[in-house]
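Working notes, structure below.
The values are calculated or read from the model by the stated rules, or taken from the named source; none is laboratory data. All values derive from a computational prediction rather than experimental measurement. As a convention, Cβ positions derive from the backbone with ideal geometry for all residues, glycine included, and neighbour counts pool all protein chains shown.
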Amino acid sequence: MNYRKKISLVFLNLFFILICLLCLIPILYALGVSLNSRNDLLSSSFSFIPKDFTFQNYRAVLFEKPFLLWLKNSLILSFSTVVIAIAVAVPGAYALSRKRFPGRKPILNLLILLNAFPSILSMFAVYRILKPMGLVNNFTGLVLIYIGTMAIFGLWNMKGYFDTIPLEIEEAGKIDGADDFRLIRDIVLPLARPSIIVTAVMILIYVWNEYIFAVTFITGSEKYTLAAGLYALQATDYTRNWPIFSAASLLVSIPVLIIFFCVQRYMTSGLTAGGVKG
Amino acid sequence: MKQNKLRPYLYLTPSLIVIGLIVVFPILYTGYISFTNMNIYHWFNPRFIGFDNYAKAFFVFDSGFLSALLRTVLWTFLNMVLQMAVAYLIAVLLNTEGLRAHKVYKTILMFPWAMPGYVSILLWKMGMFNNEYGLLNQWLRKLGLNGVRWLDGNVSAFLSCTLVNLWLALPFMIMIIDGALQSIDKAYYESATLDGAGFFVKLRNITVPLVRPIIAPAVVITVFTTFKQFDIVYLLTQQQGSKTGADIHTVITYTYEKAFVTNNYGYSSAISMIIFLLLIFFSLYTNKELREGNR
Amino acid sequence: MKKVFAFFMSVLFMLGALTGCQQSSGASPSANPSGASTSNAEKKEPVSLTIWYENDQKIGDALQQQLDKLPDVKVKVQRKDKMTDALKLVGNDPQSAPDLFFFAHDKTGLYAEMGILAPITDFISQDAFSDFIPMTLKAGTYKDTLYQLPIYFETQMFMYNKKLMSTPPKTTDDLLKFAQKNTKNGAYGFVEQHSTAYYAVSWMHAFGGYIIDKDAQPGLNLQGTVDSLKYHKPFIKYQPADGDYNTMTALFKEGKAASTINLPNLAVDAKQSGIDVGFAPLPVVNATGKPLSPYAGVQGVYVLKSSESGKKDAIAAVLQELAKPEAGIALSKITNDAPANNKAYADSFVSSNEIVMNLKGSADAVVPMPNVPAMDVMWSVTENMLSAVNKKDGDPKAEAEKAQKTALTQIADMK
């Protein structure tokens, strides 16, 4: 029995290594290009191991461009968005999941249906609304846009998970005289941790990769995020320099992956991780 | 007591305010603009012109639009089925007990998601699909085969776009399902194993039914985004300066090329509103749960 | 509940503080008076102007350097991504819009119709342009009003790899023969972006066709346009099917294509990759006796109407500075493009630059890109027609008729 289990784990690992390799083909390709000193994303004889190995392209991105400044901006923007968005959406999702009140169902359905709008033209409207509030060309405006864009997903996603938490656990808390705030903090949040992490990662990645609003509403590259900076470089010098562009694209994604790797530890629910703390 | 009744609204207010500003207002604004003649000749001084734009917009909904609509439905269906099936499988296997390296696998599988979409689409277009230099054709040639013109033919371009979409969307789906799996009490599986249930029986009888309500909203939202998918199809086959000749327009790329390029904002708004209503109607018709209200 | 609220507020506050820092640090350079302006601080405050541009950073830097010489004006040359969209949003809003912007001439009609442009001649007299190449002035003129101060122009040129092509062909028939003979084993005799409107139009012009005329009448179904499609079709057989910028330029830079038609910067890149690049006049079409005549793009400066009236003198000073031959020379050194001001060619650096002099030589033959707003819809319509004919073996006549019809509908839809 144990022996069979080990064998199947070996196969499972092989399966995942294969899947990961398949998934990484385009990325390994970019890596190969970025480590090559010759400018040939397009080359008739590509090999994953570069012929003229160099780190020069990475050095160029890190030190010749305001990469670190953009990284700082990306971090500030995405963390403020994640924190505020979660703070805004958790009580909302809690209300939608636990409370019964008139208008609840219409609100839930409306929120879903709003996603059907093709938002290609939204830029103007968003400008119209940010302008009078003086939020054009600053981070607060962007944070507001990002929270608004992700709020529906956050509400629905966390509400769905809250629904699975047995009511009885909360009832016990209520008898102890806990108010809503304490119920959320002490019971719902620990139990719903996976969905909160999922939501937070979603928002983080959305903000990390968003460039259209950032580029349109922000003037001046010193206020750019990584995605916006990459867009700007792509629009000008990088079109003719693939190795640097590939290096930059990979560097942009690394911080997110590190964050994701670290955050996985908290992905397990308090419920399955053994009992509930009273 | 009264305070108690108001409390849910109080909790919802912040969310609804930001959604109102960033999501609802643009829809209302687009609706308003659709009744005006806001085009480059009246950009900053539009005038109310009633339903003129809608009358004009109906000419966009010709046979080309209809085939784009059918194609988009097929595209959405195919992509959702593939995405769900593959993501389920991977997410469930990732949660296999004893799989030590699952964090590493998960992180690697997130990679496609961790870079801006246009970057990875460009990478696919230039690095993978390019007829002359693309990796796929280089491999085919090494095997002594002729290169395939991936993005030129309608069918091959459609499948290529599907592949890219799958690649881009899988991380999100895996993550959602993986998150939902955490809510399942391990005890269910243990008792099922004692009863002699195999992998697929457990998947069908425990995993899917328990996970479904949690991931439903994310899935519905993904259905909408897949339906409205623009970047992949446009950048791979329709981008100005490198149109491949394949006609695999979706509803959005079709109307983009037909209407949005005219810089006639009133007219384009009317088209946006019609697509919006069409999609709402469509989803209410197909989704029983939405029609009857959620629990 | 209080705690949540307090947390929420503190985050908001922190955010406000952060953005506050960001703003003040952004503003500090302009608040910091430079040494020069402190000395004549007694005089009136220098007027601040902002210029947006979307090109390479180097071009902005060169403009900035040029304008830093002005005594009473403080100019900030600022890069703006997605500038076309941004100008549509903020074009009439003095708080968010710049005072001037630097852009190619082909959107002149669009912005003029939107009503955000001020005629250049409101600030600088027509006489200032007596030394300019006439084509560059024509480019930025819409409905008889000059909106753009031209600085330099670029256009496509015939370039070849001297190792692979000994004598460049004089006629298109010769070019086709050369392509037939030299296209084999992954090498090509001649490559171009055959299905891109911007490149294909030079063939249309040689046959008397065009994409759109100055009265916004599309000409896709003209006999000349159809003839050019028919005549050009055999060339495609000897070229890669993609026909996109990256493939074609890579082939030339790798020494796998003997000749190509492209913009000057490819010549610069190819030289850097070690290719011995030669230049020749664009070949003549045997049937019509006319050479291929490509579009030219003129880069220059526009003034926004929303700019405050108190800045009139400052704007005039900026325009006068940029009209000088020095501006064209400075930018030509970076871009290898041809200055609009004829006097710039007296400069030895400019006159010794083979690429620039080739461009200058073609100035009378090239056609400035149409600047009517309707051009915006023509790009995509024309490309659909080209890829249908070139990539899907469509019938030129039928595709041209179809494209013309679509173009007319879409132009009507603009209103």
Which one of the conditions (1) of a type in the set (V, I, T); (2) within 14 Å of chain A (Cβ to nearest Cβ); (3) out of contact with any Phe, Trp or Tyr (no Cβ under 8 Å at 6 or more places or on another chain) does B:V23 fail to meet, given that it meets all the rest?
(3)
Only one of (1) within 22 Å of the chain's Cα centre (by Cα); (2) at the interface with chain B (Cβ under 7 Å from one of its Cβ atoms); (3) closer than 30 Å to B:I252 by Cβ does not apply to A:P91, and that is (3)
Just one of (1) closer than 24 Å to A:W156 by Cα; (2) more than 23 Å from the chain's Cα centre (by Cα) trips up B:V23, so point out which.
(2)
Any chance C:S48 is among the hydroxyl-bearing types (S, T, Y) and either away from chain A (no Cβ under 12 Å) or surrounded by fewer than 16 Cβ atoms within 10 Å (Cβ to Cβ) (or both):
yes
Just checking, how many residues over the range B:235-264 are under 17 Å from C:A374 (Cβ atoms) and more than 9 Å from chain C (Cβ to nearest Cβ)?
1
Report the residue count in the range C:337-379 for those that are more than 17 Å from the chain's Cα centre (by Cα) and among the aromatic types (F, W, Y).
2
Among the residues listed as B:F44, B:F51, the single one being farther than 20 Å from C:D93 by Cβ and either modelled with pLDDT under 90 or away from chain A (no Cβ under 13 Å) (or both):
B:F51
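If you scan the range C:173-187, which residues turn out to be within 28 Å of the chain's Cα centre (by Cα) and at pLDDT below 95? Can you show your working first?
Step one: of the range C:173-187, the residues within 28 Å of the chain's Cα centre (by Cα) are C:175.
The answer is none; no residue qualifies.
Count, please, the residues in the range B:178-206 that happen to be over 20 Å from A:M158 (Cβ atoms), within 14 Å of chain A (Cβ to nearest Cβ) and in contact with a helix residue (DSSP H, G or I) (Cβ under 7 Å, 6 or more places away or on another chain). Don't jump to the end; show me each part of the working.
At the first step, the residues of the range B:178-206 found to be over 20 Å from A:M158 (Cβ atoms) are B:186-206.
This time we only want the ones that are within 14 Å of chain A (Cβ to nearest Cβ), so: B:186-190, B:193-194, B:196, B:198-199, B:206.
Now drop any that are not in contact with a helix residue (DSSP H, G or I) (Cβ under 7 Å, 6 or more places away or on another chain), which leaves B:188-189, B:206.
Residues meeting the conditions: 3.
Out of the residues in the range B:162-177 meeting the condition of being farther than 18 Å from B:M115 by Cβ and buried (at least 23 other Cβ atoms within 10 Å of the Cβ), tell me which one is nearest to the other protein chains (Cβ to nearest Cβ).
Taking the range B:162-177 first, the residues farther than 18 Å from B:M115 by Cβ are B:162, B:176-177.
Among the residues that remain, those that are also buried (at least 23 other Cβ atoms within 10 Å of the Cβ) are: B:176-177.
Numbers: B:I176: 6, B:I177: 10 Å.
Restricting to residues being farther than 18 Å from B:M115 by Cβ and buried (at least 23 other Cβ atoms within 10 Å of the Cβ), the top hit is B:I176.
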With C:L137, C:L117, C:L164 as the choices, which residue is more than 15 Å from the chain's Cα centre (by Cα) and surrounded by fewer than 22 Cβ atoms within 10 Å (Cβ to Cβ)?
C:L164
Can you pull out every residue in the range B:92-119 that is more than 7 Å from every other protein chain (Cβ to nearest Cβ) and either crowded, with 23+ Cβ neighbours inside 10 Å or β-branched (V, I, T) (or both)?
B:V92, B:V104
Against the condition crowded, with 23+ Cβ neighbours inside 10 Å and basic (K, R), how does B:K202 come out, does it pass?
no
Can you find a residue in the range C:190-210 that is among the acidic types (D, E) and either buried (at least 24 other Cβ atoms within 10 Å of the Cβ) or closer than 25 Å to C:S387 by Cβ (or both)?
yes
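Being among the hydroxyl-bearing types (S, T, Y) and either within 30 Å of A:K65 (Cβ to Cβ) or surrounded by fewer than 20 Cβ atoms within 10 Å (Cβ to Cβ) (or both): is that true of C:T108 here?
Numbers: among the hydroxyl-bearing types (S, T, Y): yes; either within 30 Å of A:K65 (Cβ to Cβ) or surrounded by fewer than 20 Cβ atoms within 10 Å (Cβ to Cβ) (or both): no.
Judged against the criteria, C:T108 is not a match.
Looking only at the range A:235-243, decide whether some residue is surrounded by fewer than 23 Cβ atoms within 10 Å (Cβ to Cβ), at pLDDT below 90 and hydrophobic (A, V, I, L, M, F, W, C). Break it down stepwise before answering.
Keep residues of the range A:235-243 that are surrounded by fewer than 23 Cβ atoms within 10 Å (Cβ to Cβ), which gives A:235-241.
After this cut, where a residue has to be at pLDDT below 90 as well, the list is A:235-241.
Filter once more, so that each one left must be hydrophobic (A, V, I, L, M, F, W, C): A:235.
Yes - at least one qualifying residue is present in the range A:235-243.
Conditions (1) small (G, A, S); (2) over 29 Å from C:N262 (Cα atoms); (3) in contact with an Asp or Glu (Cβ under 6 Å, 6 or more places away or on another chain), marked per residue:
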| site | (1), (2), (3) |
| --- | --- |
| C:S48 | yes, yes, no |
| C:L63 | no, no, no |
| C:R79 | no, no, no |
| C:A104 | yes, no, no |
| C:M114 | no, yes, no |
| C:I120 | no, yes, no |
| C:S125 | yes, yes, no |
| C:S130 | yes, yes, no |
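Have a look at C:T141, C:T84 and point out the one that is polar (S, T, N, Q) and within 30 Å of A:K131 (Cβ to Cβ). Working first, answer last.
Details: C:T141 fails: within 30 Å of A:K131 (Cβ to Cβ).
Matching residue, one of C:T141, C:T84: C:T84.
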Does C:G209 count as away from chain B (no Cβ under 14 Å), touching a Phe, Trp or Tyr at 6+ places or on another chain (Cβ under 9 Å), part of a loop (DSSP other than H, G, I, E, B) and small (G, A, S)?
yes
